[in-house]
Amino acid sequence: MRTYTPYVPWLLVGPALLWVIVFALWPFLNTIILSFTDTRPLTGGVFIGLDNYAALLHDGRFWNAIVTSLVYAVACVPLLTFLPLLLALLVEKQIPGISAFRTTFYFPVIASVVVVGLIWTWLFDSRGVINESLEFIGLIDQPIPFLASRWGIMATAVLLTVWKGLGYYMVVYLAALGNVGRELHEAAAMDGASAARRFASVTVPGVRGAMFLVSALITVSAIRVFTELYVLTNGTGGPGGDAMSIVMLVQQVGGGLQGRLGYSSAISVVLFLLTIGPLLLVAYLNRQGGDAPSGKAAR
Amino acid sequence: MTATAPAAESRPQREQTAPRRAPLRRTDRPWRTRGSGGFGKPTLAGLIVRYALLVAVLLLAVGPFLWQMSTSFKGPMDDIYSFPPALIPADATLGNYTKVAATIPILSYAWHSLLVAGTLAIANVVLATAAGYALGALRFRGKRIAMGILLSTLLLPGEVTIMSQFLTIRTLGLADTLAGVMLPGLVGAINVLLMTAACRSIPQELLEAATIDGASTWQVLRHIVWPSVRGMASVVAIFAFIGGWDDFLWPLIVLSDPAKYTLTVGMEYLNSNFGADPRVVAAGTMIALVPIIIFFAVFQKFFFRGVGEGAVKG
C-alpha cells in the first residue's frame with residue numbers, strides 16, 4: 001500500500017544523492033579525465049593521452065611513495081589484525097569497571113592524528129623520553145635519531161597508527177565476539193580445553209570473518225596514509241622526501257597555484273587501483289556478515 | 001565509578017557473614033569459586049591477572065596524553081629533558097597557554113573547528129535520516145539506482161578525489177573559506193546507509209497506520225521514525241563531529257590564509273613555523289585534545305550502545 005505522494009521519497013533522498021554525485025562521483029570522473037591532460041590551476045590544459053602515466057614509470061619519487069605506502073600496509077596489517085582481537089578478549093567479560101576501561105581505550109581513536117603526531121614527535125625526539133629511558137636502562141649509548149631516517153620515520157609512524165587504531169578495531173571485534181556462542185566456550189572449558197586452545201579452536205574460527213574485514217580495512221587505510229607521515233616530518237616527507245606516501249605526493253604535486261593537476265590525478269588513479277581490491281572485499285564481507293559500524297573506516 | 005563504590009564498601013561485611021551461609025552456593029561474585037559452577041566466570045587469580053593487564057593497557061593508552069599534559073604545565077625552570085622524567089611539574093605554570101594564544105589565534109581556530117564539526121554533525125543527522133527513511137521504509141521507483149549510487153561511493157577513498165574536489169570548491173568560489181571545508185562533508189554515503197539500516201527495522205504496519213490516520217511525512221518522521229532511529233543517529237552525529245574536528249588533509253588543502261585555519265592545521269602551523277618550545281606546542285595540543293575527549297566521555301554511552309545496535313541489525 002502506498003499512501004504518500006510519489007515525489008516525497010525523491011525529495012527525501014534528493015539532497016544526499018546530489019551531494020554524493022557532486023562531491024564524490026563527479027570528482028572521481030574528473031580525476032580520470034584530468035589524468036589524461038596537463039592541467040594547471042590557472043591556465044587549464046590539453047589532452048596529452050597517456051603521457052602522465054608514462055612519466056610515472058620513470059619517476060623515482062612515485063615509486064618511492066608506492067613502496068612507502070605498501071610497506072606501511074604490510075607492517076600495519078598483522079599488528080592491527082591480532083592485537084585488537086586480544087584487547088577485545090580482555091575487555092569482553094562484564095566485570096566491574098569494564099566500561100570505564102573500554103571508554104578509555106577508545107581515547108586514542110578520537111584524538112586527531114595531528115595531536116598524536118605532535119606528541120609522538122616529542123616522545124621520539126632525540127632528547128625525548130623514549131631515548132632518555134633507553135639510555136637510562138643501558139640499552140643504547142647514544143640517542144636513536146628516530147625521525148631522521150626514512151625507516152625510522154616509518155617505524156615511528158606505524159607505531160602511532162597501531163597505538164591509535166587498537167581501540168577502534170577492538171570495538172569491531174567486540175561486536176563480532178558477541179556472535180560467538182558462549183555455550184561453545186563453556187562446553188570447551190568443561191571438556192578441559194586450555195585458554196590458548198579455546199582461543200585457537202573456538203574464538204578465532206568464530207571471528208574469522210571479522211579478521212578478514214579488519215585486515216582489508218587496515219590495508220586500505222594504510223595505503224591512504226597521510227597525516228602521520230606529514231606531521232612527523234613537518235610536511236617534508238623526511239630526508240630527501242624518502243618517507244613520502246602516495247597521498248602526500250598527490251598533495252605536494254597537485255597543490256598550490258603551480259600544481260600539476262594532471263600529473264597528480266594520474267597518481268590518484270593509481271591510488272584508486274591499489275585500494276579497490278581490498279574495498280571490494282570489505283563490501284563483500286559487509287554484505288555477508290553485515291556489521292554496520294565496521295564500514296566506517298572506509299569513509 | 002560512583003555506582004561501584006558502595007558495592008565495594010559493603011563487600012567486607014558480606015564476607016564476614018559468609019561462613020554462616022556456607023552451604024549456599026555464591027553466584028554473586030564476579031569470579032569462579034570451587035563448586036560454584038559457571039565456567040563463564042574467571043577464577044579469582046584469573047580476575048586479578050585480567051585487571052593487571054587492563055591497567056597496563058590503560059597506562060599505555062593514556063600515558064602519552066598525560067605526558068603531553070604534564071609538559072604543557074612545565075615552567076621555564078623545569079628541565080623537560082631530565083631523566084627520570086617528572087610527571088608533576090616542579091615549576092607549574094599556565095604561561096605556555098598564554099604563549100600559544102600570543103603566537104597563533106588559537107581561540108578562533110578552536111571556534112572554526114567547533115563550527116565545522118557541529119555543522120557536519122547536524123547536517124549529517126538531518127540529511128541521512130531523511131534519505132535513510134526513504135530508502136529503508138518507503139517504496140518508490142528508482143530506489144535500486146539510488147542505493148547503487150550510494151554504495152558505489154564506498155569504493156572511493158576521499159583521498160583519490162581530493163584534488164578535483166578542491167577544483168569543484170574553487171569553481172564554487174569557496175576556496176579558502178570554512179564553508180568550503182564543510183560543504184563536501186554535509187552528508188556522507190556511509191551515514192545514509194547506516195540510517196537506512198536503522199529505518200528498515202521500523203515495523204511497516206506502524207508507518208502505514210500513522211499515514212492512514214492522516215499524519216504528514218514530517219509528522220511520521222518526527223514522531224515515529226525519529227524515536228526509533230535516535231540511537232543510530234547519535235552514532236552518526238558523534239562520528240561526524242569527531243571526523244570534522246580531527247580532519248587535517250581537507251582543511252589543509254582548502255585553507256590558505258592562516259587566520260582561517262582550524263585547530264589541526266593551526267597546530268601543524270604552530271609546530272613548523274615558530275620553532276616552538278615543546279612546552280608551548282604541548283599546550284596547543286591540549287587545547288585541541290581536551291574538548292574532543294570531554295565530548296566523547298559525555299556521549300560515549302550513546303556511542304557504544306549505538307555501535308552495538310548497528311552490529312546486531314546487519
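The values are calculated or read from the model by the stated rules, or taken from the named source; none is laboratory data. Quick caveat: nothing in here was measured; it's all calculated off a predicted structure. Reconstructed Cβ throughout: ideal geometry from the backbone, glycine too, with neighbour counts over all protein chains shown. These accessible areas exclude ligands, DNA and RNA; they are computed on the full protein's heavy atoms, side chains included. Shrake-Rupley method; radii C 1.70, N 1.55, O 1.52, S 1.80 Å.
Some observations on this one:
- Listed residues A:Leu57, A:Gly178, A:Pro15: farthest to the positive end of the dipole of chain A (Cβ charges): A:Pro15
- Estimated at the nearest 10 Å², the accessible area of A:Leu261 is 10 Å² with a 1.4 Å probe.
- Within the accessible area of the range A:54-298 (1.4 Å probe), percent carbon and sulfur: 63
- Three-way shape call for chain A based on the alpha-carbon gyration tensor, with the a/c threshold at 1.5: oblate
- Burial of accessible area (probe 1.4 Å, heavy atoms of protein chains only) in the range A:221-235, relative to its chain alone, reaches at least 10 Å² for A:Arg224, A:Phe226, A:Thr227, A:Tyr230, A:Val231, A:Asn234.
- Using a probe of 1.4 Å on the protein chains alone, the accessible area found for A:Asp38 is around 70 Å².
- Within-15-Å neighbourhood charge of A:Ser112 [Cβ basis; K, R +1; D, E -1]: -3
- Carbon + sulfur, % of accessible area of the range B:111-185 - ligands and nucleic acids excluded, 1.4 Å: 71
- Sequence of B:Lys74, A:Lys164, B:Lys301, A:Lys93 from largest to smallest accessible area, 1.4 Å probe: B:Lys301, A:Lys93, A:Lys164, B:Lys74
- Whole-number percent relative contact order across the range B:100-313, with pairs defined as alpha carbons under 8 Å at least 6 apart: 36
- q = 0.06, 0.10, 0.12 Å⁻¹: log10 I(q)/I(0) that the Debye formula gives for the protein assembly as shown, counting C-alpha atoms only: -0.36, -0.99, -1.35
- Computed from protein heavy atoms with a 1.4 Å probe, the total accessible area buried between B and A is close to 9100 Å².
- Taking the alpha carbon gyration tensor of the range B:160-314, multiplying each eigenvalue by 5 and rooting it gives semi-axes of 39, 21, 12 Å, largest first.
- Using C-alpha pairs below 8 Å separated by at least 6 residues, the relative contact order for the range A:231-276 is 24 percent.
- A 1.4 Å probe run over the protein chains yields, for the range B:100-313, 38 Å² of accessible area per residue, whole-number rounding.
- Each part reduced to its alpha carbon centroid, the range A:139-215 and the range B:91-164 end up 29 Å apart.
- Neighbourhood net charge (15 Å Cβ-Cβ; Lys/Arg +1, Asp/Glu -1) for A:Thr233: -2
- The residues of the range A:54-298 have, on average, 40 Å² of accessible surface per residue, using a 1.4 Å probe with all protein chains present.
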